[in-house]
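Input: a single structure, listed below in structure tokens.
The values are calculated or read from the model by the stated rules, or taken from the named source; none is laboratory data. What you are looking at is a predicted structure, and each value in this text was computed from that prediction instead of being measured. Cβ placement follows ideal geometry from the backbone for every residue including glycine, while neighbour counts extend to all protein chains displayed.
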Amino acid sequence: MRICGVEMKGSEANLCLLSLENDVFHIPDCRARKLTFPKNDSTEDVREFQFAFKKLMEDYKVDAVAIRERPTKGKFAGSAAGFKMEAAIQLIEKLNVTVLTPTHIKEILKRNPIPVAFSETGLKMFQEVAFSTAFASLMKEKYGIEEAPTE
């Protein structure tokens, strides 16, 4: 299974491809480490971003996308551009997209720690959250880990 982890930060979508084959993780090379959302967010710009993301997923034969959820309000709230990017990705037909909360990611990583130090992956520092999101999503799929209900 090949997955793309996504972290929305400002008007950028940081990306990390990760695959699991025979219980071995692979970080395939990718022509894009991030996609930037245009400053003027017209309908055409949203479609352009969506097309670029869809094409990237098709070219690298990605099976699923895992997006790290951002808060809607408060100090660390996501930007309007970030929510538009997220919606554009979620609306791509025939693309399996899940949104994982930071709490759920932390819970999965606690049960299934990442087996290698991030510095040894060869990824850029800005991809670390996307990488951990992709890893958590693969572990969720492999072991069927569901999010604990909130009270």
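Summary table
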| item | result |
| --- | --- |
| Count of residues meeting criterion [farther than 13 Å from Leu35 by Cβ and not hydroxyl-bearing (Ser, Thr, Tyr)] in the stretch 68-91 | 15 |
| Residue in the stretch 81-97 that is assigned to a strand (DSSP E or B), of a type outside the set (A, V, I, L, M), without any contact (Cβ under 8 Å) to a residue 60 or more places away in the chain and under 22 Å from Lys9 (Cα atoms) present | yes |
| Failed item, numbered, when Ala77 is tested on (1) surrounded by fewer than 18 Cβ atoms within 10 Å (Cβ to Cβ); (2) touching a Pro at 6+ places or on another chain (Cβ under 8 Å); (3) in a strand (DSSP E or B) | (3) |
| Hits in the stretch 1-47 (condition: in a loop (DSSP other than H, G, I, E, B) and touching a residue at least 60 places away in the same chain (Cβ under 8 Å)) | Met1, Gly10, Ser11, Ile27, Arg33 |
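Yes/no per residue for (1) crowded, with 19+ Cβ neighbours inside 10 Å; (2) at pLDDT 95 or above:
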site	(1), (2)
Val97	no, yes
Ile108	yes, yes
Val116	no, no
Phe126	no, yes
Thr133	yes, yes
Glu141	no, no
Gly144	no, no
